[in-house]
Amino acid sequence: MKIESQNILVAGCIRNVGNKLIKDLEIVKKAIHNFKKKSFLLIESDSTDNTRDVLSECEQKIENFKSIPLGKISDQYKFRTETIAYCRNIYVDRINNDDTYKDIDLVLIVDLDGINNLLNHESISSCFEKYNWDAVFANQKNAYYDIFALRHEYWSPTDCRQELDFFEKYRKTRSFNYWHSIYSKMIEIPETSEWIKVNSAFGGAAIYKKQCFKNNFYVGRIKDKEICEHVKFNENLVKKGFNLYICPKFINSNTNEHTKKKMSLKYRIKFAIQSLFVK
């Protein structure tokens, strides 16, 4: 698979990113510059800043750029992930049914909230050193952060937030519970590591082959519980026999807001002390 022969669509959901969007889009544009054709499809909802104005500017300046503003929809849903799932299903529908995207080969799903500050041509190109994948997910320097979206047989087989809720019922040491359920799983994956096959992941950036979107959908709530919207989408692919990987060289971020607490020496010392007394 040669990058130069592939048409790629950049898709994502945004909210209140007016002060970051232009910079983030420039990073993404540079990272995918050598693909044959580049298109953009952003779904916006619930913004209270100038995001919609910035999107209008982008539509005038960026080739093959499309945005869909949905207005205020979050009050229709109980959980944040339900709102996000609804927005993501909009781009799923367009990918499958809009002739504008009939020639798309790959879809790059990105968060445009500043997380992809290290995304570049080299990290994208690393995904094409291996060919038997259907979806590939980003890695981060120092620690992979997206445990909510992660499903792996040994590393993170369950929903980390539901695991946290369970321990909160029985242990009063909150920092220990967070460490056990979430932060201990934020492991560093060296760029020289083998690719990691997963049942689900995200990490702020993912490349999917277009066929991943056929007869597939995002879900943000099950049995009145909030779930990560990526999980069901990705697990549906695994059930179909698709191959999903984290690519260690697909670096998109350094230490970020998600991993700062885990990396904090103060927090680790506090955890170590409290764990001596945990029952």
- Say whether the condition of being closer than 19 Å to VAL92 by Cβ, more than 16 Å from the chain's Cα centre (by Cα), modelled with pLDDT of 90 or more and part of a helix (DSSP H, G or I) is met by at least one residue in region 176-197. no
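Yes/no matrix, rows are residues, columns are (1) in a loop (DSSP other than H, G, I, E, B); (2) out of contact with any Ser or Thr (no Cβ under 9 Å at 6 or more places or on another chain); (3) surrounded by 17 or more Cβ atoms within 10 Å (Cβ to Cβ):
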position: ILE8; (1), (2), (3): no, no, yes
position: GLY12; (1), (2), (3): no, yes, yes
position: HIS33; (1), (2), (3): yes, yes, no
position: PHE40; (1), (2), (3): no, no, yes
position: LYS78; (1), (2), (3): yes, yes, no
position: THR81; (1), (2), (3): no, yes, yes
position: ALA85; (1), (2), (3): no, yes, yes
position: ASP93; (1), (2), (3): no, yes, no
- Query: On the given criteria, is ASP46 part of a loop (DSSP other than H, G, I, E, B) and either surrounded by fewer than 16 Cβ atoms within 10 Å (Cβ to Cβ) or touching a strand residue (DSSP E or B) at 6+ places or on another chain (Cβ under 8 Å) (or both)?
  - Reply: no
- Note: among TYR245, TYR208, just one is of a type outside the set (Val, Ile, Thr), out of contact with any helix residue (DSSP H, G or I) (no Cβ under 6 Å at 6 or more places or on another chain), surrounded by 22 or more Cβ atoms within 10 Å (Cβ to Cβ) and outside any helix (DSSP H, G or I), namely TYR208
- Message: Just to be sure I understand the filter: pairs with C-beta atoms under 7 Å, separated by 6 or more residues or on different chains, first member in region 229-258 and closer than 16 Å to ASP113 by Cβ, second member crowded, with 21+ Cβ neighbours inside 10 Å and of a type in the set (Phe, Trp, Tyr). Which pairs pass?
- Response: GLU229/TYR218; HIS230/PHE202; ASN256/TYR145; HIS258/TYR145
- Output the qualifying pairs, or none if there are none: Cβ atoms under 6 angstrom, residues six or more apart or on different chains, first residue in region 141-161 and under 25 Å from LEU118 (Cα atoms), second residue acidic (Asp, Glu) and in a loop (DSSP other than H, G, I, E, B). ASN142/GLU188; ALA143/GLU188
- Note on the structure: Across (1) part of a helix (DSSP H, G or I); (2) among the aliphatic types (A, V, I, L, M); (3) under 22 Å from the mean Cα position of the chain (by Cα), ILE68 clears everything bar (1)
- Message: Under 6 Å between Cβ atoms, which residue pairs at least 6 apart in sequence (or on different chains) link something in region 47-73 that is more than 22 Å from HIS33 (Cα to Cα) with a partner that is at pLDDT below 95 and assigned to a helix (DSSP H, G or I)?
- Response: none
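The values are calculated or read from the model by the stated rules, or taken from the named source; none is laboratory data. Keep in mind that this is a model prediction, so the values were computed, not measured. Here Cβ is always computed from backbone atoms with ideal geometry, including for glycine, and neighbour counts include all displayed protein chains.
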